[in-house]
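The values are calculated or read from the model by the stated rules, or taken from the named source; none is laboratory data. The structure presented is a predicted model; accordingly, all values stated were derived computationally and were not measured. Cβ coordinates were reconstructed from backbone atoms using ideal geometry, including for glycine residues, and neighbour counts include every protein chain displayed. Ligands, DNA and RNA are excluded from the accessible area calculation, which covers all protein heavy atoms including side chains. Shrake-Rupley method; radii C 1.70, N 1.55, O 1.52, S 1.80 Å.
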Amino acid sequence: MTTTTVVHLLRHGEVYNPGKVLYGRLPGFHLSDRGHQMAEMAAEWFDGHDIAALFSSPLDRTQETAVPLQKAAGLSVTLDDRLVEAANKFEGMALSRRSVRDPRVFSRVYNPFLPSWGEPYSEIVARMVEMVKVARRAAWGREAVCVSHQLPIWMARRAAEGKRLWHRPDLRECNLASVTSLTFVEQRLTSVSYAEPAAVLYKDEPALPGA
């Protein structure tokens, strides 16, 4: 008899950010009203799933996204720094297409493959892989949910699918409150799937990179 375990990577909901800054790991950025709706819809999507463990990045927006699922599943949330947003040297800045003319920006974009402006993709993958292993052990034979951020989840998915880590941020398939699911038979990854429980709330709006 083989054992099947599923680790779900849940991205947080929409954040209240009227200044449109790249907030990264900054404190004080909370879910918007629509973001809370997204979190509720994500929790509803998990109804009927055999959730045995719940983990979250320590940032405000991810903890708030975990609350509805925490209540529905009757689980405590374990905070883990390995799920945190990627470090970024542009944190706190409001970026636009014109930002590349800013010396503070231009001087940091010399290597998009690393990337030179933030936490190396390889380091993000390493911590996310370790986190997935922790979650898999905690939920062995059942399911675990890890609430995280777009880039860490996308890096985990690309690594799982054996794809190069460098990518175009605007082509990430990791929308708000989306679920990327990794299914393991014993310790072998057998499939990767993706779902958008809150898609009705953003419909055809473009998926913004980051955050």
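Only residues that are over 21 Å from residue 32 (Cα atoms) and charged (D, E, K, R) were counted across the range 48-90, and they come to 5. Candidates 115, 27: the one that is open to solvent by less than 40 Å² (accessible area, probe 1.4 Å), in a loop (DSSP other than H, G, I, E, B), at pLDDT below 95 and over 20 Å from residue 141 (Cα atoms) is 115.
Reported count of residues in the range 7-55, each being under 18 Å from residue 72 (Cα atoms) and either hydrophobic (A, V, I, L, M, F, W, C) or touching a Cys at 6+ places or on another chain (Cβ under 8 Å) (or both), is 17.
Mind listing whichever residues of the range 42-60 are outside any helix (DSSP H, G or I), touching a residue at least 60 places away in the same chain (Cβ under 8 Å) and open to solvent by 40 Å² or more (accessible area, probe 1.4 Å)?
As a first pass, look at the range 42-60 and keep what is outside any helix (DSSP H, G or I): 46-59.
After this cut, where a residue has to be touching a residue at least 60 places away in the same chain (Cβ under 8 Å) as well, the list is 46, 49-57, 59.
Those that are outside any helix (DSSP H, G or I), touching a residue at least 60 places away in the same chain (Cβ under 8 Å) and open to solvent by 40 Å² or more (accessible area, probe 1.4 Å): 49, 50.
The single residue among 202, 194 that is of a type in the set (Phe, Trp, Tyr) and surrounded by fewer than 16 Cβ atoms within 10 Å (Cβ to Cβ) turns out to be 194. Looking only at residues in the range 1-24 that are open to solvent by 40 Å² or more (accessible area, probe 1.4 Å) and touching a residue at least 24 places away in the same chain (Cβ under 8 Å), the one that is nearest to residue 181 (Cα to Cα) is 4.
Which residues, taken from the range 61-94, are among the small types (Gly, Ala, Ser) and either in a loop (DSSP other than H, G, I, E, B) or open to solvent by less than 70 Å² (accessible area, probe 1.4 Å) (or both)?
Residues of the range 61-94 that are among the small types (Gly, Ala, Ser), as a first pass: 66, 72-74, 76, 86-87, 92, 94.
Hits for the range 61-94 are 66, 73, 74, 76, 86, 87, 92, 94.
Can you find even one residue in the range 174-184 that is among the β-branched types (Val, Ile, Thr), surrounded by 11 or more Cβ atoms within 10 Å (Cβ to Cβ) and in contact with a Ser or Thr (Cβ under 6 Å, 6 or more places away or on another chain)? Yes, because at least one residue in the range 174-184 is among the β-branched types (Val, Ile, Thr), surrounded by 11 or more Cβ atoms within 10 Å (Cβ to Cβ) and in contact with a Ser or Thr (Cβ under 6 Å, 6 or more places away or on another chain).
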